[in-house]
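Everything on this sheet refers to the single structure shown next.
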Amino acid sequence: MQKGKITFKGQVTIPKNIRNALAIKEGDSVIFSVEGDHAVVRPIKRKALEDFYGSFLATKPFPDVEAVRKEIHEKIAKRFQKGAEE
C-alpha cells in the first residue's frame, strides 16, 4: 500500500512504484471508479493502429488511390454546388 495526499484542488500524485506497476506515464489517461468503500484507478491503454489489423472484415476490395481521389473530388464538388445554389 502507498499513501498519497489530496491537494486543495482535489489532485493526488500516484506513487512512482504504482505508476511503474501499471505502466502509467505522463500524458496517459486513467479511469476512476468506486467499488464499495474503495476508489479504483485503472489505466486506459491506447493501442497502435496495427494492433487492429484483421479485426474487421472487408466488405469490398479497396479501390486504387486514383479512384479514391476521384470520389473525394466528386463529393467536394457536389458540396460546393449545393452551397452555390442556396
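What to note about this one:
- Loop-located chymotrypsin sites (Phe, Trp or Tyr not before Pro) in region 14-66 whose Cβ has at most 16 other Cβ within 10 Å (DSSP): TYR53, PHE56
- Sequentially through region 53-67, phi angles give Karplus couplings (6.51, -1.76, 1.60; θ = phi - 60°) of 4, x, 6, 10, 7, 6, 8, 7, x, 6, x, 5, 4, 5, 5 Hz, Gly and Pro residues having no value and appearing as x.
- A helix-only calculation puts the chain at -10500 deg cm²/dmol for mean residue ellipticity at 222 nm, using -39500 (n - 2.57) for each DSSP H run of at least four residues, averaged over all residues.
- Extended-chain gain in nm, criterion 0.36 nm per residue less alpha-carbon gap, GLN11 and ASP28: 4.6 nm
- Pairs of Cα atoms nearer than 8 Å and 6+ residues apart set the relative contact order; for the chain it is 13 percent.
- Under the combined filter of DSSP loop state and at most 16 neighbouring Cβ atoms within 10 Å, region 1-80 retains these trypsin sites (Lys or Arg not before Pro): LYS3, LYS5, LYS9, LYS25, LYS45, ARG46, LYS47.
- Radius of gyration over Kirkwood radius for region 1-77, both on Cα atoms: the Rg/Rh ratio is 1.28.
- Cβ-defined net charge surrounding PHE62, 15 Å radius [Lys, Arg +1; Asp, Glu -1]: 0
- Of GLU35, GLU71, GLU26, the residue with the greatest mean-square motion in the GNM of the chain, using alpha carbon springs below 10 Å, is GLU71.
- Cβ-Cβ FRET estimate between ALA67 and LYS47, R0 fixed at 30 Å, reported to 0.05: 0.55
- Under 5 Å, built H, 5+ apart or other chain: amide partners of VAL30: ILE44
Read the figures in this text as sums done on the coordinates, not as results from a lab. These figures come from a predicted structure and were not determined experimentally. Neighbour counts are summed over all protein chains in view; Cβ atoms, including those assigned to glycine, are modelled from backbone coordinates with ideal geometry.
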